[in-house]
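Undergrad: My questions will all concern the structure given below.
The values are calculated or read from the model by the stated rules, or taken from the named source; none is laboratory data. All values reported here derive from a predicted model rather than from experimental measurement. Note that each Cβ is placed from the backbone with ideal geometry, even for glycine, and that neighbours are counted across all protein chains shown. We work out accessible area using only protein heavy atoms, side chains counted, and drop any ligands, DNA or RNA first. Shrake-Rupley method; radii C 1.70, N 1.55, O 1.52, S 1.80 Å.
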Amino acid sequence: MKLKLVSKRQEILDVTTFIFEPQEKIKWIAGQYLHWVLHHEPTDDRGSDRWFTISSAPFEKEIHITTRFNKERSSSFKNKLFSLEIGKSIENSYLEGDFIVTDPNKKYIFLAGGIGITPFRSIIKQLDHDKLPINVDLLYANHDQNIVFKKELEEISKRNPNFKITYIFSPEHIDENKIKQIVSFQNKIIYVSGPELMVEDLIKMLKEIGIKEENIKGDWFPNYPKF
């Protein structure tokens, strides 16, 4: 399947959202991801394909991917993506992922690191659109105060008193003590999204303190620095 690039939106200095129009009908659940293929030459050792979480909510119809770009460190894939002209297409397949909310009546803790906010943006936007409960404590770690999706998430929080946002800036980070300062683990389902090492460490910690495996979900982003 192909998606046509219709616009780009700079979220913060080094983060851009790419907005694609599906060339055929596609149905996804908020929090899922797609396999993307962008053929280019020369190609570095990371290849010509990626797995990107869809940052848009299904009701928005268009497919969004939101990603960081550093001209000096980014891969050949990212360089090609950022130079892609409006109207050009990209191939994708393998819609997958169980990083989704199936019961909004339960209580959740969302732990996000940097660009790991993307699946949470999709989930929260869809719940708000559907006027479903948003029983969520979002702990959002970032290197600085340049927060992706800050305005729209805070607007949703104002409309939904059970949706609370806490920002955590470097050198502080999300760990057991920080979570306990902010929210109780009791009767909560915990979702973790961010750099791969961060997600692995937090899931390990959660299991060690007795959170049941079925109450933990992870969505990790390779090749990003740990928060």
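Undergrad: Can you give me the relative contact order of segment 156-227 as a percent, contacts being Cα pairs under 8 Å and 6 or more apart?
TA: In percent, rounded to a whole number, it is 34.
Undergrad: Follow-up question, since we're still on this one. Taking the chain as the reference, fit the longest principal axis to its C-alpha atoms, fit the long axis of helix 196-208 to the helix C-alpha atoms, and give the angle between the two in degrees, 0 to 90, nearest 10.
TA: It works out to around 20 degrees.
Undergrad: Net charge within 12 Å of K4 by Cβ-Cβ distance, Lys/Arg positive one each and Asp/Glu negative one each, not counting K4 itself?
TA: Values: positive: K2, K88; negative: E21, E24, E62, E85, E91.
Residues near K4 contribute -3 overall.
Undergrad: While we're looking at this one, here's another question. By per-residue mean of other Cβ atoms within 10 Å, what is the highest-first order of 136-149, 165-178? The partial results should precede the final answer.
TA: Details: 136-149: 18.9, 165-178: 13.8.
With the highest mean Cβ count within 10 Å placed first, the list reads 136-149, 165-178.
Undergrad: What's the FRET efficiency of Q186 with D98 using the Cβ-Cβ distance as r and R₀ = 25 Å, to the nearest 0.05?
TA: For R0 = 25 Å, the calculated efficiency reads 0.55.
Undergrad: Taking only protein heavy atoms and a 1.4 Å probe, what accessible area per residue, in Å², does the chain have with all protein chains in place?
TA: Using a 1.4 Å probe on heavy atoms only, each residue of the chain averages 52 Å².
Undergrad: Roughly how big is segment 165-214's charge dipole about its Cα centre, with Cβ charges of +1 (Lys, Arg) and -1 (Asp, Glu), in debye to the nearest 20?
TA: 240 debye
Undergrad: I would also like to ask the following. Please give the FRET efficiency for M1 paired with H129, using the beta carbon to beta carbon distance and R0 = 22 Å, rounded to the nearest 0.05.
TA: 0.35
Undergrad: Please compute the length gained on full extension between F59 and D14, using 0.36 nm multiplied by the number of residues separating them and subtracting their Cα-Cα distance.
TA: 13.5 nm
Undergrad: Taking only C-alpha pairs under 8 Å that are 6+ residues apart, what is the relative contact order of the chain in percent?
TA: 19 percent
Undergrad: Mind pulling the angle between the C-alpha long axis of helix 150-159 and the longest principal axis of the chain? Nearest 10 degrees, somewhere in 0 to 90.
TA: It is inclined by approximately 50 degrees.
Undergrad: Just need the relative contact order of segment 86-146 here, percent rounded to a whole number, with Cα pairs under 8 Å and 6+ apart. Intermediate results must be reported in sequence, preceding the final value.
TA: On the way: 46 pairs, mean separation 25.4, N = 61.
Worked out over segment 86-146, it gives 42 percent.
Undergrad: Under 18 Å Cα to Cα from K4, which lysines show up? Leave out anything in the same chain fewer than 8 places away.
TA: K25, K27, K61, K78, K80, K88
Undergrad: How much of the DSSP beta bridge set in the chain is antiparallel, as a percent to the nearest 5?
TA: 50 percent
Undergrad: Mind checking which aspartates and glutamates have their C-alpha under 16 Å from K8, skipping anything on the same chain fewer than 8 residues away?
TA: E21, E60, E62, E85
Undergrad: Related question: Considering only protein heavy atoms and a 1.4 Å probe, what is the carbon-and-sulfur percentage of the accessible area of segment 75-172?
TA: Summing carbon and sulfur atoms, their accessible area is 46 percent of the total for segment 75-172.
Undergrad: Still on this model: By how many nm would the segment from N177 to N70 lengthen if fully extended, with 0.36 nm per residue of separation less the alpha-carbon distance?
TA: 35.3 nm
Undergrad: Name the residue from I156, S170, G31 whose Cα lies farthest towards the positive end of the charge dipole of the chain, charges +1 on Cβ of Lys and Arg and -1 on Cβ of Asp and Glu.
TA: I156
Undergrad: I would also like to ask the following. With a cut-off of at most 16 other beta carbons within 10 Å, and DSSP calling the residue loop, which trypsin sites (Lys or Arg not before Pro) in segment 43-90 qualify? Please list them. Intermediate results must be reported in sequence, preceding the final value.
TA: On the way: sites: R46, R50, K61, R68, K71, R73, K78, K80, K88; in loops: R46, K61, K71, R73, K88.
When the trypsin sites (Lys or Arg not before Pro) of segment 43-90 are filtered for loop state and at most 16 Cβ neighbours within 10 Å, R46, K61, K71, R73, K88 remain.
Undergrad: For N79 and K27, compute 0.36 nm times the residue count separating them, minus their Cα-Cα distance, and round to one decimal in nm.
TA: Length gained between N79 and K27: 15.9 nm.
Undergrad: Out of these labelled values of Cα extents along the principal axes in Å, [x] 50, 36, 30; [y] 84, 40, 29; [z] 44, 40, 30, which was calculated from the coordinates shown here?
TA: Label of the calculated value: [x].
Undergrad: Quick one: if you stick a label point 7 Å off each Cα along the C-beta vector at D49 and I216, how many nm between them?
TA: Spacing of the two 7 Å Cα→Cβ label points: 2.9 nm.
Undergrad: Moving on. Which lysines have a Cα less than 25 Å from the Cα of K207, not counting those fewer than 8 places away in the same chain?
TA: Qualifying lysines at Cα under 25 Å: K106, K107, K164, K178, K180, K188, K217, K226.
Undergrad: In deg cm²/dmol, rounded to 500, what helix-only [θ] at 222 nm does the chain give when every DSSP H run of at least 4 residues adds -39500 (n - 2.57) and the total is split over its residues?
TA: Working: 5 runs with 50 residues, N = 227.
That comes out to -6500 deg cm²/dmol.
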